[in-house]
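So the structure is just underneath, and the comments pick up after that.
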Amino acid sequence: MELVGSPLTATYAHPRSTPNKFLPAISTMASSYKNRFPYYPLPQTFSLPWMPRSYYKTAAINPTLAPFTKCAKGVTPSKTLPFVCNRTDLFTRYTPEDWYQSNITNYKESENSRQTSERLRDDTCRMIQDKHQQTMKTQGESTKNLGVRVNDIGFWKSELCHELDEMIKETRALTDVKKRLERALAETEAPLQVARECLLHREKRMGIDLVRDEVEKQLFREIDIIKSCQERMQQHLDKAKAQLMSNRGAQHDLERDLANKQAAHRIDDKCHHLRNTSDGISYYRGVELVDATITVPETWAKFTDTNIFRSQNDRAASAKLRDTIETLLAVMADEMWSQFNTVNVAFTNRISETADAKSKIQTHLAKTLQEIFQLEMNIAAIRKAIRDKGPPLKVAQTRLDERTRRPNMELCRDPPQLRLVNEVYEIDETIHNLHQRLRDAEDTLQTLVRAKSVLEHDLAVKANSLFIDQEKCMGMRKTFPIIPRLVGYV
């Protein structure tokens, strides 16, 4: 429902609601209105008085009650609202003091607004001039800083290019040395295989011939020397591979840093030549709020300096490693040649010793065979003695068994009973002693048989050992890789 005083004609006939429930007291309302909301003068159509006669003087047309009358058809008189002109009391919103105070406030606000506007115009003119000068100065400083930045990037680009060229040369030189080392490492496989085959053939010796003689010691030493050379070669080869990886890593860092420098140089040079009249400039709202930087000038310069310093260190380490590999190849070739000659001398001495031992073993084998024959005869006699003790033991035990059937008081422990018991014990002890002697004789026989087997094996192996040392081993050791092949040139 619209309030009275609205330009709508249909609401004129409706009475206002009770003032106690709509508005507070005038004094309270006025103070609350000033404190809470600013005052804005209403337009002419909304600043109408409450009195109906004043309303009719101000309005252009007279309202009619036709719409209300049509709408009120069928409504009983007790339910229709009374007309405004029938009210006995008038209720106002403001007092005259409020009205005068409102006007004075409007005057002061208008005067303050004009003064503020004048100051704002003056300050704006000064600000436009100051900001124009500041903008030009700032743009000039930015252009100058970009020029300095372009020069710095150019300097570091030249340093990176020089260091990159040196690193590429060193990497190629180290790669060539690594290939030589790989060839030398492959050449050591043949002497190592020969030494291992010699040991493998000598493992076919039997019995006492499988002695760790000087030849075997020198062969093991030769294998150890070759393996040591291979391990040192492999270690230096691994170091060369690691150094190559480090060189390539440093080279990659240099190339990436150089590529970044080139891109940054191109971008900053473009920015340095941009002017207010240049093409391609545009607005990028909020770009100043995006801070995508990750370094400061100190860390930026230190990053490139660190890359160059790392590359220089890697180049120095690579050159030192190349010299070490050259020295290593020469030393290892001499070591393997010296040990090769030592092993050949040991083989010659061992062959003569093997021939002398063969005749001595034959004498001991003949004596062992004679002793085995005599011991076998002794064992046969012991077994016959054990068999001979069987019938007497059966007789004594049968007698004792029969005497257990004597009736009642006849079961007497008489001298025959005691003698029979002693007889059984004596025969059992004799049989036990004979069995023990038989086991000792058999053990001794086994020892003699094992000795005989060893001697026979030694006799059979001596010829095989001489064949292995003279024909197989010395036949394989007639050749050895030449020095140039051992240092990787062939």
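Remark: C-alpha extents of the range 335-490 on the principal axes read 114, 34, 16 Å, sorted largest to smallest.
Each residue, Ala263 and Leu445, gets one label point 7 Å from its Cα in the Cβ direction; the gap between the two is 9.6 nm.
Rg/Rh for the range 139-274 (Cα atoms only, Rh after Kirkwood) is 1.46.
Grab the alpha carbons of the range 400-458, take their convex hull, and tell me the volume per residue in Å³. Show your work: numbers first, answer last.
Values: hull volume 3.9 nm³, N = 59.
Cα-based convex hull of the range 400-458, divided per residue, equals 67 Å³.
With the cut-off at under 11 Å, measuring from each backbone N in the range 439-464 to a point 7 Å along the Cα-to-Cβ line of Ile379 picks out 439-450. Across the range 355-471, the relative contact order, built from alpha-carbon pairs under 8 Å that are at least six residues apart, equals 51 percent. Over all Cα atoms in the range 303-417, the spread is summed up by Rg and Dmax: 44.4, 126 Å.
Each peptide in 265-274, 180-189 was scored by the mean count of other Cβ atoms within 10 Å over its residues; highest first, the order is 180-189, 265-274. Among all the aspartates and glutamates, which ones have a C-alpha under 14 Å from Lys241's C-alpha, if same-chain residues fewer than 8 places away are not counted? Excluding near neighbours in sequence, the set is Glu170, Asp176, Glu182, Asp314. When you filter the trypsin sites (Lys or Arg not before Pro) in the range 89-152 for DSSP loop state and at most 12 other Cβ atoms inside 10 Å of their Cβ, you are left with Arg93.
The accessible area of Phe303, taken with all protein chains in place and a 1.4 Å probe, comes to roughly 100 Å². In terms of distances greater than 22 angstrom between alpha carbons, the cross-link table entries Lys157/Lys178; Lys157/Lys239; Lys360/Lys472; Lys144/Lys270 yield Lys157/Lys178; Lys157/Lys239; Lys360/Lys472.
Accessible area per residue for the range 295-337, computed on protein heavy atoms with a 1.4 Å probe, is 56 Å². Give, to the nearest whole percent, the P(r) tail of the range 95-199 beyond 25 angstrom, counting all Cα pairs. The share of Cα pairs beyond 25 Å in the range 95-199 comes to 72 percent. Sequence-distant contacts, meaning Cα pairs under 8 Å at least 6 residues apart, place the relative contact order of the range 144-266 at 52 percent. Using the average count of surrounding beta-carbon atoms within 10 Å as a protection proxy, the listed peptides 336-343, 320-327 rank, highest first, as 336-343, 320-327. Counting 0.36 nm for each residue step from Arg221 to Asp291 and taking away their Cα separation leaves a gain of 18.4 nm. Among the GluC sites (Glu not before Pro) in the range 202-267, those located in a DSSP loop and surrounded by at most 11 other Cβ atoms within 10 Å of their own Cβ are Glu203.
The simple Förster model, with R0 at 30 Å and r as the Cβ-Cβ distance, assigns Arg183 and Met476 a FRET efficiency of 0.85.
The values are calculated or read from the model by the stated rules, or taken from the named source; none is laboratory data. Treat the numbers as computed from the prediction; the structure is a model and nothing was measured. Reconstructed Cβ throughout: ideal geometry from the backbone, glycine too, with neighbour counts over all protein chains shown. Only protein heavy atoms, including side chains, enter the accessible area calculation; ligands, DNA and RNA are left aside. Shrake-Rupley method; radii C 1.70, N 1.55, O 1.52, S 1.80 Å.
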